[in-house]
1. Which whole-number percent is the relative contact order of segment 68-163 (Cα, under 8 Å, 6+ apart)?
2. Roll a 1.4 Å probe over the protein heavy atoms and report the accessible area of His92 in Å², nearest 10.
3. With labels modelled as points extended 7 Å from the Cα through the Cβ direction, what inter-label distance (nm, one decimal) is found for Val66 paired with Lys286?
4. Put +1 on the Cβ of each Lys and Arg and -1 on the Cβ of each Asp and Glu in segment 91-133; which of Phe93, Leu117, Ile129 then has its Cα farthest toward the positive end of the dipole?
5. Test of understanding: in a Gaussian network model of the chain with alpha carbons linked when under 10 Å, which of Glu39, Glu59, Glu73 would top the mean-square fluctuation ranking?
6. Grab the DSSP H runs of the chain that are 4 residues or longer, score each as -39,500 (n - 2.57), total them, divide by all residues and round the 222 nm result to the nearest 500 deg cm²/dmol.
7. I'd like to check one number: the per residue accessible area of segment 336-414, probe 1.4 Å, reported in Å² as a whole number.
8. Under the definition of Cα pairs under 8 Å and six or more residues apart, what whole-number percent is the relative contact order of the chain?
Amino acid sequence: MNNKNQLCDVVIIGAGPSGAIAASILVNQGYKVVVIERETFPRFSIGESLLPHSMQFIEQAGLLDVLTQHADELGFQFKNGAAFYRSGVHCHFDFEDKFSSGPGTTYQVKRALFDKLLADETANKGADIRYQHTVKNVCIDPHKVTVSVDCEAGEYQLEAKFILDASGFGRVLPKLLDLELPSTLSSRQAVFTHVKDKISDPNFDRNKILITVHPQIEDVWYWLIPFADGTASIGVVARPECYTEEALEVQLMRYIHQDDNLSRLLANAEVIQPCRKIGGYSADVKALHGERFALLGNAGEFLDPVFSSGVTIAMRSAAMAANLVDRELQGQTINWAEEYEQALRQGVEVFKYFVMSWYDASLQDVIFFQGEKSDAKAMISSILAGYAWDLDNPFVKNTKKGIRFLANYTKSEA
């Protein structure tokens, strides 16, 4: 396509939320940014229930105004918390009643429209987003990064000073640079779809994601994410052996009907999208950074969908990395291990312990405990709202000790 290398300051792989956040921050700083996206937008993606902490990074990137201006017309649902249900017991967390400072509300979004909105605004700011272009190879030396890209018109090369991988589940750099590691979390699969939910229960709170525990199998759970236009995302997460070879919609509906509350709420629901299945999503890497590169969000590590942490981790990593790239390109010496990897993993480890404690049911017992625990509830609410990096929160500073203490307390009070 072009025998001469095209020059830019930063190449970003992927135009999803983390790519858009990083690109917008860097463009705002005056850098020439090229974003390589293998698909066209809009395209379907999971991760529809945002956490309030993510709003800070959307604002930092200069993308908050376009989000708030278009939220209603795109059917994005105002979100102020999370509701839980298990075998007749309801509970909820109000994210405005939390320990940490910062936004307490956000949105439940249709990711195809949300991602396109952020990407379009990022392009309007000056980022060069190239759709249906695929990164084939990356060569990194002490002075530059050379990226081989394939597109319909042929192959070309980009030369940059830094590269950020925001490719999500594609994990482009981990594969090309041999960075992949298996996750320490158990393998699980999600089956999900969108429905016209037709929920008539006046007590159902559309401003919250509803997380439901299977009535017999404590490590199987469901999400129900309402949107503002009367549709919703519904999914079930289970171990691979819990699924059969039957059609995905048959399996999903069977699981829904096994829970009394969901089967009642969704009695008249109409499936409006083909059911999908995703598995093997949990992953880890040997390092989140190296010479002239860094991994963002799911390209580095993805935990589990249960607490909707994926997009928040992705956006936080994007903002952190973009600001460090800015400093490095200005000539500062950056300690990426300390200022990026260790700092990011601190909150990731909090979420990881929440995920593991959810599946062994100890965190479930804490969440569904009906006794008086207002201070602890506000601290847990902060983490559920995404503030897993707030070291003033005792449940962030010592997550394992805090959850174990509350789990033992709930058992003693039972």
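The values are calculated or read from the model by the stated rules, or taken from the named source; none is laboratory data. Just so we're clear, the structure is a prediction, and the values are computed from it rather than from any experiment. No Cβ is skipped: glycine too gets one built from the backbone with ideal geometry, and neighbour counts run over all protein chains shown. Surface accessibility is based on the protein's heavy atoms, side chains included, excluding ligands, DNA and RNA. Shrake-Rupley method; radii C 1.70, N 1.55, O 1.52, S 1.80 Å.
1. The value is 16 percent.
2. Answer for His92: close to 100 Å² accessible.
3. Simple spin-label model gives 3.7 nm for this pair.
4. Ile129
5. Glu73
6. Helix-only estimate at 222 nm: -10000 deg cm²/dmol.
7. For segment 336-414, the solvent-accessible area averages 44 Å² per residue.
8. 21
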